[in-house]
Amino acid sequence: MIRVKGIADREFVWGESFLAHAIDQVHAVVFFVTLHQKVLARYRELCSNVPLDDRPEGGMELLKSCETRIASSILMLMRYQNVHSVLELLVIDPVYTAWIESQPREKREKAAECKRTIRSEDLDETIKTAIAIMEPVYRLLRLTDGKLGANLGKVYAYLLQIDMHLREGHIPGLDAATQHKIHEIFMARWEYLH
(Lines give C-alpha, C1' and ligand atoms only; values in the text may rest on other atoms or scores of the structure.)
Protein backbone atom coordinates (compact mmCIF):
# COMPACT_ATOMS: atom_id res chain seq x y z
CA MET A 1 0.00 0.00 0.00
CA ILE A 2 1.22 3.48 -0.85
CA ARG A 3 0.23 6.34 1.42
CA VAL A 4 0.29 9.73 -0.23
CA LYS A 5 -0.23 12.78 1.90
CA GLY A 6 -2.79 14.93 0.19
CA ILE A 7 -5.95 16.87 0.90
CA ALA A 8 -7.80 13.71 1.87
CA ASP A 9 -4.66 11.82 3.04
CA ARG A 10 -5.44 9.11 0.49
CA GLU A 11 -4.11 5.57 0.37
CA PHE A 12 -3.50 3.67 -2.82
CA VAL A 13 -3.67 -0.12 -2.84
CA TRP A 14 -1.04 -1.01 -5.36
CA GLY A 15 -0.38 -4.71 -5.07
CA GLU A 16 3.11 -5.91 -5.94
CA SER A 17 5.48 -3.20 -7.06
CA PHE A 18 6.84 -4.23 -10.44
CA LEU A 19 9.24 -1.30 -10.43
CA ALA A 20 10.78 -2.20 -7.06
CA HIS A 21 11.41 -5.76 -8.24
CA ALA A 22 13.18 -4.52 -11.38
CA ILE A 23 15.26 -2.06 -9.35
CA ASP A 24 16.27 -4.86 -6.94
CA GLN A 25 17.30 -7.13 -9.83
CA VAL A 26 19.40 -4.45 -11.51
CA HIS A 27 20.95 -3.48 -8.18
CA ALA A 28 21.97 -7.13 -7.64
CA VAL A 29 23.73 -7.22 -11.03
CA VAL A 30 25.47 -3.88 -10.45
CA PHE A 31 26.51 -4.96 -6.96
CA PHE A 32 27.90 -8.30 -8.21
CA VAL A 33 29.92 -6.70 -11.01
CA THR A 34 31.31 -3.88 -8.87
CA LEU A 35 32.01 -6.07 -5.84
CA HIS A 36 34.51 -8.36 -7.59
CA GLN A 37 37.71 -6.75 -8.86
CA LYS A 38 38.30 -9.25 -11.67
CA VAL A 39 34.72 -8.97 -12.92
CA LEU A 40 34.80 -5.17 -12.76
CA ALA A 41 38.17 -5.06 -14.53
CA ARG A 42 36.89 -7.34 -17.30
CA TYR A 43 33.70 -5.26 -17.61
CA ARG A 44 35.80 -2.09 -17.96
CA GLU A 45 38.02 -3.77 -20.53
CA LEU A 46 34.94 -4.69 -22.60
CA CYS A 47 33.68 -1.10 -22.21
CA SER A 48 36.95 0.23 -23.56
CA ASN A 49 36.30 -1.70 -26.79
CA VAL A 50 33.09 0.26 -27.44
CA PRO A 51 33.78 2.98 -30.05
CA LEU A 52 33.68 6.51 -28.63
CA ASP A 53 30.77 7.47 -30.89
CA ASP A 54 28.68 4.57 -29.55
CA ARG A 55 29.22 5.33 -25.86
CA PRO A 56 26.20 6.66 -23.99
CA GLU A 57 26.08 10.15 -22.55
CA GLY A 58 27.38 10.03 -18.99
CA GLY A 59 29.82 7.20 -19.61
CA MET A 60 29.92 3.44 -19.24
CA GLU A 61 30.55 3.07 -15.51
CA LEU A 62 27.81 1.22 -13.63
CA LEU A 63 25.96 3.29 -11.05
CA LYS A 64 24.62 1.99 -7.75
CA SER A 65 21.39 3.20 -6.25
CA CYS A 66 21.42 4.77 -2.81
CA GLU A 67 18.39 5.16 -0.58
CA THR A 68 19.46 8.61 0.56
CA ARG A 69 19.89 10.02 -2.95
CA ILE A 70 16.81 11.12 -4.83
CA ALA A 71 16.67 9.69 -8.35
CA SER A 72 19.62 7.33 -7.90
CA SER A 73 17.42 4.34 -8.74
CA ILE A 74 16.29 5.84 -12.04
CA LEU A 75 19.90 6.81 -12.85
CA MET A 76 20.98 3.23 -12.10
CA LEU A 77 18.27 1.87 -14.43
CA MET A 78 19.12 4.34 -17.18
CA ARG A 79 22.83 3.50 -17.03
CA TYR A 80 22.08 -0.25 -16.89
CA GLN A 81 19.95 0.09 -20.01
CA ASN A 82 22.72 2.07 -21.76
CA VAL A 83 25.43 -0.53 -21.02
CA HIS A 84 23.25 -3.63 -21.29
CA SER A 85 24.99 -4.79 -24.46
CA VAL A 86 28.36 -4.77 -22.65
CA LEU A 87 26.88 -6.76 -19.76
CA GLU A 88 25.59 -9.31 -22.28
CA LEU A 89 29.10 -9.61 -23.67
CA LEU A 90 30.50 -9.96 -20.15
CA VAL A 91 28.39 -13.00 -19.20
CA ILE A 92 29.57 -14.93 -22.28
CA ASP A 93 33.15 -13.69 -22.17
CA PRO A 94 35.64 -16.61 -21.88
CA VAL A 95 37.84 -14.78 -19.34
CA TYR A 96 34.82 -14.02 -17.13
CA THR A 97 33.34 -17.54 -17.41
CA ALA A 98 36.71 -19.13 -16.59
CA TRP A 99 36.98 -16.98 -13.48
CA ILE A 100 33.39 -17.81 -12.43
CA GLU A 101 34.01 -21.54 -12.86
CA SER A 102 36.96 -21.33 -10.45
CA GLN A 103 34.85 -19.70 -7.71
CA PRO A 104 32.97 -21.33 -4.81
CA ARG A 105 29.44 -22.62 -5.44
CA GLU A 106 27.73 -19.66 -3.76
CA LYS A 107 29.48 -17.14 -6.01
CA ARG A 108 28.76 -19.26 -9.10
CA GLU A 109 25.07 -19.29 -8.16
CA LYS A 110 25.01 -15.49 -7.80
CA ALA A 111 26.75 -15.18 -11.17
CA ALA A 112 24.14 -17.49 -12.73
CA GLU A 113 21.35 -15.34 -11.26
CA CYS A 114 22.99 -12.21 -12.67
CA LYS A 115 23.24 -13.89 -16.07
CA ARG A 116 19.51 -14.74 -15.99
CA THR A 117 18.73 -11.15 -15.03
CA ILE A 118 20.88 -9.70 -17.80
CA ARG A 119 19.27 -12.00 -20.39
CA SER A 120 15.72 -11.41 -19.17
CA GLU A 121 13.56 -9.80 -21.86
CA ASP A 122 10.81 -9.18 -19.30
CA LEU A 123 13.19 -7.14 -17.17
CA ASP A 124 14.27 -5.12 -20.21
CA GLU A 125 10.64 -4.23 -20.91
CA THR A 126 10.03 -3.32 -17.26
CA ILE A 127 13.11 -1.08 -17.26
CA LYS A 128 11.88 0.70 -20.39
CA THR A 129 8.51 1.22 -18.71
CA ALA A 130 10.10 2.46 -15.48
CA ILE A 131 12.22 4.95 -17.39
CA ALA A 132 9.22 6.15 -19.39
CA ILE A 133 7.38 6.77 -16.10
CA MET A 134 10.19 8.32 -14.08
CA GLU A 135 12.39 10.13 -16.60
CA PRO A 136 10.12 13.21 -16.85
CA VAL A 137 10.21 13.57 -13.05
CA TYR A 138 13.99 13.10 -13.10
CA ARG A 139 14.29 15.86 -15.71
CA LEU A 140 12.24 18.16 -13.46
CA LEU A 141 14.59 17.41 -10.56
CA ARG A 142 17.57 18.24 -12.78
CA LEU A 143 15.89 21.48 -13.81
CA THR A 144 15.63 22.60 -10.20
CA ASP A 145 18.92 21.35 -8.73
CA GLY A 146 21.33 23.88 -10.21
CA LYS A 147 22.94 26.71 -8.30
CA LEU A 148 20.41 29.16 -9.65
CA GLY A 149 17.46 26.78 -9.50
CA ALA A 150 14.55 27.29 -11.86
CA ASN A 151 11.90 29.93 -11.91
CA LEU A 152 8.44 28.92 -10.78
CA GLY A 153 6.94 29.34 -14.25
CA LYS A 154 9.27 26.70 -15.71
CA VAL A 155 8.53 24.31 -12.86
CA TYR A 156 4.76 24.67 -13.30
CA ALA A 157 5.03 24.30 -17.07
CA TYR A 158 7.05 21.11 -16.68
CA LEU A 159 4.67 19.75 -14.02
CA LEU A 160 1.78 20.34 -16.42
CA GLN A 161 3.70 18.43 -19.11
CA ILE A 162 4.20 15.52 -16.69
CA ASP A 163 0.50 15.62 -15.82
CA MET A 164 -0.43 15.44 -19.50
CA HIS A 165 2.14 12.69 -20.11
CA LEU A 166 0.64 10.55 -17.33
CA ARG A 167 -2.99 11.40 -18.07
CA GLU A 168 -3.14 11.35 -21.86
CA GLY A 169 0.09 9.83 -23.10
CA HIS A 170 0.65 6.15 -23.71
CA ILE A 171 3.43 4.64 -21.66
CA PRO A 172 4.65 1.43 -23.33
CA GLY A 173 4.27 -1.62 -21.11
CA LEU A 174 1.53 -0.15 -18.92
CA ASP A 175 -2.13 -0.97 -19.05
CA ALA A 176 -4.59 1.91 -18.70
CA ALA A 177 -5.52 1.01 -15.09
CA THR A 178 -1.90 1.10 -13.88
CA GLN A 179 -1.21 4.34 -15.73
CA HIS A 180 -4.33 5.81 -14.13
CA LYS A 181 -3.07 4.78 -10.64
CA ILE A 182 0.28 6.44 -11.30
CA HIS A 183 -1.52 9.60 -12.44
CA GLU A 184 -3.68 9.55 -9.28
CA ILE A 185 -0.56 9.37 -7.08
CA PHE A 186 0.98 12.27 -9.00
CA MET A 187 -2.22 14.32 -8.64
CA ALA A 188 -2.48 13.56 -4.90
CA ARG A 189 0.97 15.08 -4.40
CA TRP A 190 -0.01 18.00 -6.65
CA GLU A 191 -3.11 18.66 -4.54
CA TYR A 192 -1.09 18.43 -1.32
CA LEU A 193 1.36 21.06 -2.56
CA HIS A 194 -1.43 23.49 -3.49
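Restricting the range 45-57 to residues that are outside any helix (DSSP H, G or I) and either open to solvent by 80 Å² or more (accessible area, probe 1.4 Å) or in contact (Cβ under 8 Å) with a residue 40 or more places away in the chain (or both), which is nearest to Leu89 (Cα to Cα)?
Asn49
Restricting to the range 58-78, what's the tally of residues that are open to solvent by 70 Å² or more (accessible area, probe 1.4 Å) and in contact (Cβ under 8 Å) with a residue 24 or more places away in the chain? Can you show your working first?
In the first step, residues of the range 58-78 are kept if they are open to solvent by 70 Å² or more (accessible area, probe 1.4 Å); the result is 61, 64, 67-70.
Subsequent filtering for residues that are in contact (Cβ under 8 Å) with a residue 24 or more places away in the chain retains 64, 70.
Result for the range 58-78: 2.
Quick test for you: out of Leu174, Leu141, pick the one residue that is under 19 Å from the mean Cα position of the chain (by Cα) and outside any helix (DSSP H, G or I).
Answer to the check: Leu174.
Among the listed residues Leu87, Leu140, which satisfies the condition of being among the hydrophobic types (A, V, I, L, M, F, W, C) and modelled with pLDDT under 85?
Leu140
Picking from Gln103, Gln179, Gln161, which residue would you name as being over 29 Å from Val30 (Cα atoms) and polar (S, T, N, Q)?
Being over 29 Å from Val30 (Cα atoms) and polar (S, T, N, Q) holds for just one of Gln103, Gln179, Gln161, which is Gln161.
Quick one: which residue in Gly173, Gly153 is touching an Asp or Glu at 6+ places or on another chain (Cβ under 6 Å), open to solvent by 30 Å² or more (accessible area, probe 1.4 Å) and either of a type outside the set (Phe, Trp, Tyr) or under 30 Å from Val39 (Cβ atoms) (or both)? Spell out the reasoning first.
Details: Gly153 fails: touching an Asp or Glu at 6+ places or on another chain (Cβ under 6 Å).
Among Gly173, Gly153, only Gly173 is touching an Asp or Glu at 6+ places or on another chain (Cβ under 6 Å), open to solvent by 30 Å² or more (accessible area, probe 1.4 Å) and either of a type outside the set (Phe, Trp, Tyr) or under 30 Å from Val39 (Cβ atoms) (or both).
For a quick check of your reading of the model, give me the residue pairs whose first member lies in the range 89-107 and is touching a residue at least 12 places away in the same chain (Cβ under 8 Å), whose second is part of a helix (DSSP H, G or I) and among the hydrophobic types (A, V, I, L, M, F, W, C), with beta-carbon atoms closer than 6 Å and at least 6 apart or on different chains.
Leu89/Leu46; Leu90/Leu46; Val91/Ile118; Tyr96/Leu90
Going residue by residue through the range 103-117, is there one that turns out to be part of a helix (DSSP H, G or I), open to solvent by less than 20 Å² (accessible area, probe 1.4 Å) and either touching a Leu at 6+ places or on another chain (Cβ under 7 Å) or of a type in the set (S, T, N, Q) (or both)?
Within the range 103-117 (the criterion being part of a helix (DSSP H, G or I), open to solvent by less than 20 Å² (accessible area, probe 1.4 Å) and either touching a Leu at 6+ places or on another chain (Cβ under 7 Å) or of a type in the set (S, T, N, Q) (or both)), the answer is yes, since at least one residue qualifies.
Which is modelled with pLDDT of 85 or more and more than 20 Å from Ile23 (Cβ to Cβ), of Ala130, Ala150, Ala177, Ala98?
Ala98
The values are calculated or read from the model by the stated rules, or taken from the named source; none is laboratory data. Keep in mind it's a predicted model, so treat the numbers as computed, not measured. Ideal geometry is used to build each Cβ from the backbone, glycine not excepted, and the neighbour counts take in all protein chains shown. Keep in mind that these areas ignore ligands, DNA and RNA; they rest on the heavy atoms of the full protein, side chains included. Shrake-Rupley method; radii C 1.70, N 1.55, O 1.52, S 1.80 Å.
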